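**Student:** Below is a structure I'd like to ask you about.
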Amino acid sequence: MKNNRLGVFLIVSSLAAIAVLIGLSLSKQHETRMEQIRGQGIGVVRSLTTLPFDMLVPPGQATSVLESLFMFYKPADFVYAAVTTGDGKLLREVVRPGATTPAGPLSVDHGSPIGERTLQSAQTNRTIREFYGPVMTGGGAPAFVRVGYFEPRFAIGGQELSFFAMLALPTFLMVPFIYFILIREMKPLRKAYEKLEGALGKKGGDLVPPRAQFDVQRLASRIYAYVQDTDARMVHLEQEKVGLLTKNRLLEYGNNKLNFVLQSLPEGLLVLDPAGHVTFASAKVEAMLGVELGAVLSGPVDAWCKDEALKTLLLRYQTASVHALRAETMEFHPGCASETRMRIIAQPLVVANEGPAFGTLVVLQDITREHLGQCASQDFVAHVSHELKSPLNAISMYCEMLQSETAEDDNMRIQASNVIHDEVERMAALVNNLLSISKLEVGGFKPQCTRVKLDEFLQDVYNNQLPRAQANRIALELSVARDIPAAALDKDLFRIALNNLVSNALKYSETGGRVVVEAKEENDWLIISVQDNGIGVPAEEQAHVFKKFFRAQGGDGHKRSGHGLGLYLANEIVQLHHGRISLESAPGKGSKFSIYLKTSSHKELSLL
Amino acid sequence: MNKKSVLVVDDEPHVTRVLRLALEREGYDVTTACNGVEALGKLQEGLPDAMITDLQMPKAGGRTLCESARRLYPAKDFLILVMTSMTAWEEREWVARLANTEFLEKPLSARRLTARLASYFNEQPCQGALHG
């Protein structure tokens, strides 16, 4: 509702209220007045009808009671007081100025003695309320006393006007008062309306430009529109939210998976930002570099990196330009675990090969095995070539000698030939050992086991080694238990192992010594032992004898011929057969090498 | 003129034997040792005019022997020939630092050795009798 309409409405309603008030008041007045008049009229008529006729209509010109009564007693609406005959002939009257008694025939039959009726005034339009009563005339038809009053009009008199004005004024003044109160109360609504208009207008939901006029109905409709709109948006947002939550969850899941994958990589990963701070570090870095993840993630490289070389490399990546940087690789021994070897691959991270690097990716690889393998391989090559150079040296020198004049000397010739022969044999043995070792180390070398009769087998070995034993005047003995079961062995491999053990025994025995090869069964174990009474192995070296290229120095400080591979090979072979070799030895007393093989497994040939 | 004395140090018996034969035929007085410690002992007994030594030996290797010899007997200058099958750079360094010390590569040739000794002794001014 518009403001002016509200105003109009207020004014109209106030006026209506006033009118009603006045109307009610007037009608109340009218009623009261009527009652008064009636009371008066009837009372007067009643008292007048009790008077004798002579008093009412005295003969001659004497004053009637009427005149004397109404001379001084002039009620407000009094019109007339008259005595008339039944047919209306006027006998006496007192009238107000300007009025006459209206004609009004009466008869005795009219109801009760005192009656009431209305008549029209002849002069004015007013209605007269007449009260009449019969009077006995003392013979003849009765006369009637008639008193007439004006019926009160709905008119506002002079005094009454001020009264009504006083009544109307406050009522009317209420209007602006209420109006202003209303306006004030509606101010927040107006503001709300303006806001709504703004909100709705901004969204463009309403094509009609906001109306300047504040209108409560419009406000309501705007509120409704806004609520609906907001509702719709909320539904939409809820859906979006659900969608986002799902997406978020998926992202999180993907992220977790990715993170898990990164953490599971065997390499350690670091991502540095251009300032050199670590933004990501996988857990492996902790173990690899001996640093704490917390320190790595919170401080710059300077703070946590303990290895100088690595620090220098990483600090080089603290620049922006990609063109200055390339991937770099470095190997080093980390301070925390110096026996391991790490490879670092540092690489700037760039977007589409252009622009500044947004970080550095650092991959840490534990290349200890690789490194050890390389070192071992290098060592091996060095060892082998050294081993080969010695025999070659001897052969070369003796050949030179054969080529020179000393070839005339028979002894020299024989000696030279012998030495050359021995050295060639030595080299051949080395090459064979190396080949066997290489086959074993490649792995997947499955022994071809067959059922072997141990007594025959050991006899073979014995026969093989006997010439050498005899040449050095060492007694070689063989002792095989009678009921020794057959064994599942790879004949060729095992032959190598046993030959190595026996030749070792012979090598490290003094002239006149004794070597015993024995085979027996004991508690589910098959035991083949080779015992000598030679120089023995010092206690501190016993743990190392089975290592590759290890040569015990021996008590006499002489290096015995041999490459340090025999025992290593023997051990590997025995282990392939799921057995083990043990050593009992004391320097100066001799050594006993025992091969232990499980007998139960020998019965299960099919499994090997 | 006295025979020149040569000390042969090697743990391989073949080497010492062959060298001894070759050198004795050339008229040198040969003593042998099979490791650095023994060699130092022999040096104490009497300094040779030349020493041939292997590098890899038990107890004390060729390097220890050479460096000790040069440190112990600075006044006496004798040729040291170092036999080596390993031509590692580290070896070249310390050999070059020592006076009058050279490499002799394996496999050995007795001929090369005797030739080298001969040329060395021809360069030397004649000296009086050396305890040998």
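The values are calculated or read from the model by the stated rules, or taken from the named source; none is laboratory data. Predicted model only: the values in this text are computed from it and were never measured. Heads up, the Cβs are rebuilt from the backbone with ideal geometry, glycines too, and the neighbour counts pull from every protein chain shown. For accessibility, only protein heavy atoms count, side chains too; no ligands or nucleic acids. Shrake-Rupley method; radii C 1.70, N 1.55, O 1.52, S 1.80 Å.
**Student:** Using a 1.4 angstrom probe on the protein heavy atoms only, could you order A:His371, A:His578 from most to least accessible area? List each step's numbers first, then the result.
**Tutor:** Values: A:His371 40, A:His578 130 Å².
Descending accessible area places them as A:His578, A:His371.
**Student:** From the Cα gyration tensor of the range A:456-497, with a ≥ b ≥ c the square roots of its eigenvalues, which class applies: rounded if a/c is under 1.5, or else prolate if a/b is larger than b/c, or else oblate?
**Tutor:** Working: a/c = 3.74, a/b = 1.58, b/c = 2.38.
Oblate, since a/c reaches 1.5 and b/c is not below a/b.
**Student:** Further question: What accessible area, in Å² to the nearest ten, does a 1.4 Å probe give for A:Phe9?
**Tutor:** 120
**Student:** Another one. Leaving out ligands and nucleic acids, and using a 1.4 Å probe, what accessible area per residue does the protein assembly as shown come to in Å²?
**Tutor:** Details: 40960 Å² over 740 residues.
Ligands and nucleic acids excluded, the figure is 55 Å² per residue.
**Student:** So which lysines pass the test for A:Lys589, namely a Cα distance under 22 Å, with those fewer than 8 places away in the same chain ruled out?
**Tutor:** A:Lys507, A:Lys559
**Student:** Compute the long axis of helix A:491-507 from its Cα atoms, compare it with the longest principal axis of the Cα atoms of chain A, and write down the angle in degrees, 0 to 90, nearest 10.
**Tutor:** 60
**Student:** Percent of accessible area on the range A:440-481 owned by carbon and sulfur, 1.4 Å probe?
**Tutor:** Details: 1200 of 2740 Å².
Whole-percent figure for carbon plus sulfur exposure: 44.
**Student:** Another one. With the crude spin-label approximation of a point 7 Å out along Cα→Cβ, what separation in nm comes out for A:Gln575 versus A:Glu331?
**Tutor:** Roughly 2.5 nm, to one decimal.
**Student:** List the residues of the range A:365-397 whose accessible area drops by at least 40 Å² when all protein chains are present, compared with their chain alone, using a 1.4 Å probe and counting only protein heavy atoms.
**Tutor:** Listed in order, they are A:His386, A:Lys389, A:Asn393, A:Met397.
**Student:** Using label points projected 7 Å from each Cα along Cα→Cβ, tell me how many nm separate A:Gln542 and A:Phe180, to one decimal.
**Tutor:** My value for the distance between the label points is 12.1 nm.
**Student:** Let me ask you something else. Regarding the range A:324-468, what whole-number volume in Å³ per residue does the convex hull of its Cα atoms give? Don't skip to the answer; put the middle values down first.
**Tutor:** Working: hull volume 38.2 nm³, N = 145.
Convex hull of Cα atoms, per residue: 263 Å³.
**Student:** Would you list which lysines come within 23 Å of A:Lys284, measuring only between C-alpha atoms, while excluding same-chain residues fewer than 8 positions from it?
**Tutor:** Leaving aside lysines fewer than 8 places away in the same chain, those within reach of A:Lys284 are A:Lys257, A:Lys306, A:Lys311.
**Student:** Between A:Asn464 and B:Arg92, what's the calculated FRET efficiency when r is the beta-carbon distance and R0 is 35 Å? Round to 0.05. Present the calculation step by step, with values, prior to reporting the outcome.
**Tutor:** Numbers: r = 45 Å, r/R0 = 1.29.
Between A:Asn464 and B:Arg92 the formula returns 0.20.
**Student:** Using the Cα gyration tensor of chain B, with a ≥ b ≥ c the square roots of its eigenvalues, what is the shape: rounded (a/c below 1.5), prolate (a/b larger than b/c) or oblate (neither)? List each step's numbers first, then the result.
**Tutor:** Numbers: a/c = 1.33, a/b = 1.19, b/c = 1.12.
Verdict is rounded for chain B.
**Student:** Can you pull the accessible area of A:His236 for me, 1.4 Å probe, Å² to the nearest 10?
**Tutor:** Surface accessible to solvent at A:His236 totals approximately 100 Å².
**Student:** For q = 0.06, 0.07, 0.13 Å⁻¹, what log10 I(q)/I(0) does chain A give under the Debye formula with an equal point scatterer on each alpha carbon and no solvent?
**Tutor:** Debye intensities relative to I(0), on a log10 scale: -0.72, -0.82, -1.25.
**Student:** Which value in Å is the Kirkwood Rh of the range A:74-137 over different Cα pairs? Don't jump to the answer; show the numbers that get you there.
**Tutor:** Working: mean 1/r = 0.0805 Å⁻¹.
Final number for the Kirkwood radius of the range A:74-137 is 12.4 Å.
**Student:** Same structure, new question: In peptide B:102-110, what is the residue-averaged number of other protein chain Cβ atoms found within 10 Å of each Cβ? Write down the numbers at each step before the final one.
**Tutor:** Working: counts 0, 0, 0, 1, 7, 11, 7, 5, 6.
That works out to 4 on average.
**Student:** Next question, about the same structure. Chains B and A: how much accessible area gets covered up at their contact, both sides added, probe 1.4 Å, in Å² to the nearest hundred? The partial results should precede the final answer.
**Tutor:** Details: alone 7460 and 35540 Å², together 40960 Å².
Summing both sides, the interface buries roughly 2000 Å².
**Student:** For every helix of n ≥ 4 consecutive DSSP H residues, a contribution of -39,500 (n - 2.57) applies; sum these over chain B, divide by its total residues, and give [θ] at 222 nm rounded to the nearest 500 deg cm²/dmol. Don't jump to the answer; show the numbers that get you there.
**Tutor:** On the way: 5 runs with 57 residues, N = 132.
One gets -13000 deg cm²/dmol as the mean residue ellipticity at 222 nm.
**Student:** Here's another thing I want to ask about it. How many angstrom separate the Cα center of the range A:77-92 from the Cα center of the range B:41-114?
**Tutor:** With the range A:77-92 and the range B:41-114 each reduced to a Cα centre, they are spaced 185 Å.
**Student:** Could you pull the Cα extents of the range A:22-138 along its three principal axes, largest to smallest, in whole Å?
**Tutor:** 50, 32, 25
**Student:** Exactly which trypsin sites (Lys or Arg not before Pro) in the range A:379-476 are in a DSSP loop and have at most 12 other Cβ atoms within 10 Å? Can you show the working numbers first?
**Tutor:** Numbers: sites: A:Lys389, A:Arg413, A:Arg426, A:Lys439, A:Arg451, A:Lys453, A:Arg468, A:Arg473; in loops: A:Lys453, A:Arg473.
When the trypsin sites (Lys or Arg not before Pro) of the range A:379-476 are filtered for loop state and at most 12 Cβ neighbours within 10 Å, A:Arg473 remain.
**Student:** Report A:Glu456's accessible area, 1.4 Å probe, all protein chains in place, as a number in Å² to the nearest 10.
**Tutor:** 110
**Student:** I'm a student and want to see the number: the projected area of the Cα convex hull of the range A:404-552, averaged over all directions, in nm².
**Tutor:** 12.1
**Student:** So for the pair A:Lys491, A:Asn255, with labels modelled 7 Å out along Cα→Cβ, what separation do we get in nm?
**Tutor:** About 7.0 nm, to one decimal.
**Student:** Then there's this: With the Cα gyration tensor of the range A:485-529 in hand, give its eigenvalues times 5 under a square root as the equivalent ellipsoid semi-axes, listed largest first in whole angstrom. Please report the intermediate quantities before stating the final value.
**Tutor:** Working: eigenvalues 110, 43, 8 Å².
Result for the range A:485-529: semi-axes of 23, 15, 6 Å.
**Student:** Turning to a different aspect of this structure: How big is the Kirkwood radius of the range A:215-368, worked out from every pair of different alpha carbons and given in Å to one decimal? Let's see the in-between values first.
**Tutor:** Working: mean 1/r = 0.0533 Å⁻¹.
Taking every pair of different Cα atoms in the range A:215-368, averaging 1/r and inverting gives 18.8 Å.
**Student:** Next question, about the same structure. Please work out the Cα center distance from the range A:22-63 to the range A:381-458, rounded to the nearest Å.
**Tutor:** 174
**Student:** A further question on this structure: Between A:Glu441 and A:Ala382, what is the FRET efficiency for a Förster distance of 25 Å, r being their Cβ-Cβ separation, to the nearest 0.05? Could the numbers behind the result be given before it?
**Tutor:** Working: r = 17 Å, r/R0 = 0.68.
Efficiency, rounded to the nearest 0.05: 0.90.
**Student:** Name the residues of the range B:38-61, by number, that are at least 40 Å² less accessible with every protein chain in place than in the isolated chain; the surface is that of heavy atoms, probe 1.4 Å, without ligands or nucleic acids.
**Tutor:** B:Pro58
**Student:** Determine which aspartates and glutamates satisfy two conditions relative to A:Lys548: a Cα distance under 19 Å, and not lying fewer than 8 residues away in the same chain.
**Tutor:** Reachable aspartates and glutamates: A:Glu370, A:Asp379, A:Glu387, A:Glu441, A:Glu540, A:Glu572.
**Student:** Working out 0.36 nm times the residue gap between A:Glu292 and A:Ala192, then minus their Cα-Cα distance, what length gain in nm do you get to one decimal? Mind dumping the intermediate values first?
**Tutor:** Working: separation 100, 0.36 × 100 = 36.00 nm, distance 5.95 nm.
Gain on extension, A:Glu292 to A:Ala192, equals 30.1 nm.
**Student:** Does anyone have the angle between helix A:566-576 and the longest principal axis of chain A? Alpha-carbon axes, 0 to 90°, nearest 10?
**Tutor:** 50
**Student:** Would you tell me the mean number of C-beta atoms belonging to other protein chains that fall within 10 Å of each C-beta in B:18-27, as a whole number?
**Tutor:** Working: counts 10, 1, 0, 8, 5, 0, 0, 4, 0, 0.
Whole-number average of other-chain Cβ neighbours for B:18-27 is 3.
**Student:** How big is the antiparallel share of DSSP beta bridges in chain A, given as a percent to the nearest 5?
**Tutor:** Details: 75 of 81 bridges.
Rounded to the nearest five, the antiparallel share is 95 percent.
**Student:** Set the Förster distance to 60 Å, then compute FRET efficiency between A:Glu456 and A:Glu339 from the Cβ-Cβ distance, nearest 0.05.
**Tutor:** Working: r = 48 Å, r/R0 = 0.80.
Using R0 = 60 Å, I get an efficiency of 0.80.
**Student:** What angle, in degrees between 0 and 90 and rounded to the nearest 10, separates the Cα long axis of helix A:216-264 from the longest principal axis of the Cα atoms of chain A?
**Tutor:** That helix lies at roughly 10 degrees to the long axis.
**Student:** Still on this model: On the accessible surface of the range A:4-61, probed at 1.4 Å, how many percent belong to carbon and sulfur atoms?
**Tutor:** Working: 2340 of 3460 Å².
The computed percentage sits at 68.
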